[in-house]
Amino acid sequence: MGELTSNLIAIAFMAGLGLILAGILVLANKRLYVHEDPRIDDIEELLPAANCGACGSPGCRPFAEGLINGTFEPSRCTVNTEESVRIIADYLGVDAGETNKKVARLACAGGKHVALIRASYSGLNSCRGAALVSGGGKGCAWGCLGMGDCAVVCDFNAITIDKHGLPIVDEGKCTACGNCVDVCPKDLFKLHSIEHRLFVACKNLEKGDEPKTECELVCTACERCVVDSPEGLITLGNHLAVINYDKNSLASPIAVEHCPTGAIVWLDNRGGYRTGKACKPTIRKKPLPIG
């Protein structure tokens, strides 16, 4: 009988304790409740749910919250359609804003038909994996390995690998999410304003003409582009032509005309590019021999 009484007391105590704690939680919920603007859900439904981070927030919901508190403008979402951007702006009663579209660009033009492969790599079909094995086997230590890690991580199918083993970015599909920038072991991708038409498609830092033995389209720091350009637009840094995009309004195709290798290019509005008259056209279509 004594044992039964003890058990009942214990049960009653636990039940009472449970009720007290439940009451405390209810009270705390009422006192500490943070009101969430119902417009956040409405805005989130108008966003693409890509959660790519191109807007500068970690996902679409944080971006929606930023739109409500004025941190972002609707046009900051580069994945959304123009119609959705306008609908969001009208819903919030704010200006849609103007965002300078950015795209990913690759600082390498050395495909297999112009750049030497010094060693045959066999292993995980990944640029990151290959880069761990003596840099991947390409003659140019800074060159693209072409195994497509960038294409794999692109959620918008904006990157394809061409027949020469080089990534090609579709500027119409690119949202500047930066995934390709993060995954490239050679750090060849950078995000650029679409207005940057003058571009150095090389990252070689070795001095002189010797790098031409490894790649025909290498920048040799010959300074012809520097001489042909307005003062301060192009300089040399670590034996490589460097464009000062603060002076982008001064850029023109004239800068590429006397580049002997075609390492500096002028991009058109369709994603194509042109090299200068001094650059000999590449007619080779097959890969160079290994070794």
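The values are calculated or read from the model by the stated rules, or taken from the named source; none is laboratory data. Everything numeric in this text was worked out from a predicted model, so none of it was measured. Cβ sites come from the backbone with ideal geometry, for glycine too, and all protein chains shown count toward neighbours. The area values use the complete protein model at the heavy-atom level, side chains included, leaving out ligands, DNA and RNA. Shrake-Rupley method; radii C 1.70, N 1.55, O 1.52, S 1.80 Å.
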(request) Can you give me the number of residues within the stretch 196-229 that are part of a loop (DSSP other than H, G, I, E, B) and surrounded by 14 or more Cβ atoms within 10 Å (Cβ to Cβ)? (result) 17
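Residues that are at pLDDT below 90 and open to solvent by 20 Å² or more (accessible area, probe 1.4 Å): list the helices (runs of 4 or more DSSP H) wholly contained in the stretch 73-179 that include at least 3 such residues. Full working, then the answer.
On the way: elements: 82-92, 127-131, 149-153.
Counting at least 3 such residues, we get no helices (runs of 4 or more DSSP H) at all.
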(request) Return the total of residues in the stretch 63-72 being surrounded by fewer than 17 Cβ atoms within 10 Å (Cβ to Cβ) and not in a helix (DSSP H, G or I). (result) 2
(message) I need the full set of residues from the stretch 185-195 which are out of contact with any helix residue (DSSP H, G or I) (no Cβ under 6 Å at 6 or more places or on another chain) and open to solvent by 30 Å² or more (accessible area, probe 1.4 Å), in order please.
(response) Lys186, Asp187, Lys190, Leu191, Ile194, Glu195
(request) Mind listing whichever residues of the stretch 260-291 are part of a loop (DSSP other than H, G, I, E, B), touching a residue at least 40 places away in the same chain (Cβ under 8 Å) and under 19 Å from Asp228 (Cα atoms)? (result) Pro260, Thr261, Gly262, Ala263, Ala278
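When you go through Glu216, Glu223 one by one, which is the residue that is at negative phi and acidic (Asp, Glu)?
Residue meeting the stated conditions: Glu216.
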